[in-house]
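Read through the structure below, which is laid out as structure tokens, and then see the notes.
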Amino acid sequence: MSPHRTRRRLGSTALVCAAVAVCLLSAGCSEYRDGDSMARNDAAAEAESLNESLGHRSRVRDAEYIAATEILDAAEGGTSNVRREPLAWSGRTGGDEQASIDVRFVATVEEDSGATFGDLGNSAGQATRCYRYLLQLYRYTSFGEIDCPSVVTPPVPTAAPFPTLPDDARDRLTAALRTATPDTLAGAVRAAFPEKHVTVDTTTHDNALVAAVGVPAERDCLLLVRTPGGGIQAPGYDPVWLEPGEMGCRTGLYVSPPR
């Protein structure tokens, strides 16, 4: 091959490589990814991820509590390029009721010129999409996209505390059992737990005093037994027995446990 033809071929190759490089670095190249489209996809993926995390509902909760503890808190602790913003909420997951929560997803994609050969990069982009989540007790959460309302600064949901056993429940029940007699047992335990949301169940069994106190809606239960010798014991039981339709927080967990 002549030197002239070789130089001409090398020159053509250089021009092709230069054109490819310009295409990779230019937003006008047809393969250059659109940042707005990427942001829309990211927002949709985050909405799907939230639906999965909300999952199956097994506790009675109002919509604002869920928005504050499972949407807002989770969003603040994340590292995603998508920001979650609860916009509105109503109802609760109790009985036949339904909780509804509207969430806005704001996705931001930074420009990327492509760091390596073959990585075509993308333009900067942003997208805002809104979804409504519907939650019911003992059902999986469902969701669907809605038009985004013109809310500039969304309200901040707060989590009101839900009923639980008091922190000193074990101390209270232990003290009541130590001083009670079979005749005073029920009154002593109820006096130790005057809270209306706390249930009380007591009995005597083989000269032992048995007491169960709990918050049924939360499957929260404390079961203690004062043995004939005066010792205080906490019998074990299967937590499944606290679920709706099962025995619940009753002295039967010790006296006549399910088989």
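Structure summary
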quantity: Single match in 36, 42, 62 (criterion: over 20 Å from the mean Cα position of the chain (by Cα) and either at pLDDT below 95 or open to solvent by 30 Å² or more (accessible area, probe 1.4 Å) (or both)); calculated: 36
quantity: Failed item, numbered, when residue 69 is tested on (1) without any contact (Cβ under 8 Å) to a residue 60 or more places away in the chain; (2) open to solvent by less than 60 Å² (accessible area, probe 1.4 Å); (3) among the polar types (S, T, N, Q); calculated: (1)
quantity: Evaluation of residue 256 against (1) at pLDDT 95 or above; (2) farther than 30 Å from residue 90 by Cα (one fails), failing number; calculated: (1)
quantity: Members of region 86-108 found to be farther than 17 Å from residue 45 by Cα, open to solvent by 20 Å² or more (accessible area, probe 1.4 Å) and part of a strand (DSSP E or B), listed by number; calculated: 88, 89, 90, 92, 100
quantity: Residue 217 being under 26 Å from residue 58 (Cα atoms) and out of contact with any Gly (no Cβ under 9 Å at 6 or more places or on another chain); calculated: no
quantity: Pairs with Cβ under 6 Å, 6+ apart, first in region 99-126 and among the charged types (D, E, K, R) and at pLDDT 85 or above, second open to solvent by 60 Å² or more (accessible area, probe 1.4 Å) and outside any loop (DSSP other than H, G, I, E, B); calculated: 102/132
quantity: Failed item, numbered, when residue 150 is tested on (1) farther than 18 Å from residue 87 by Cα; (2) open to solvent by 70 Å² or more (accessible area, probe 1.4 Å); (3) assigned to a loop (DSSP other than H, G, I, E, B); calculated: (1)
quantity: Spans of strands (runs of 3 or more DSSP E) in region 162-259 with at least 1 residues of a type in the set (A, V, I, L, M) and either open to solvent by 60 Å² or more (accessible area, probe 1.4 Å) or over 27 Å from residue 137 (Cα atoms) (or both); calculated: 208-215, 220-226
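The values are calculated or read from the model by the stated rules, or taken from the named source; none is laboratory data. Treat the numbers as computed from the prediction; the structure is a model and nothing was measured. We place every Cβ from the backbone using ideal geometry, glycine too, and count neighbours over all the protein chains shown. These area figures cover heavy atoms from the full protein model, side chains too; ligands, DNA and RNA do not enter into them. Shrake-Rupley method; radii C 1.70, N 1.55, O 1.52, S 1.80 Å.
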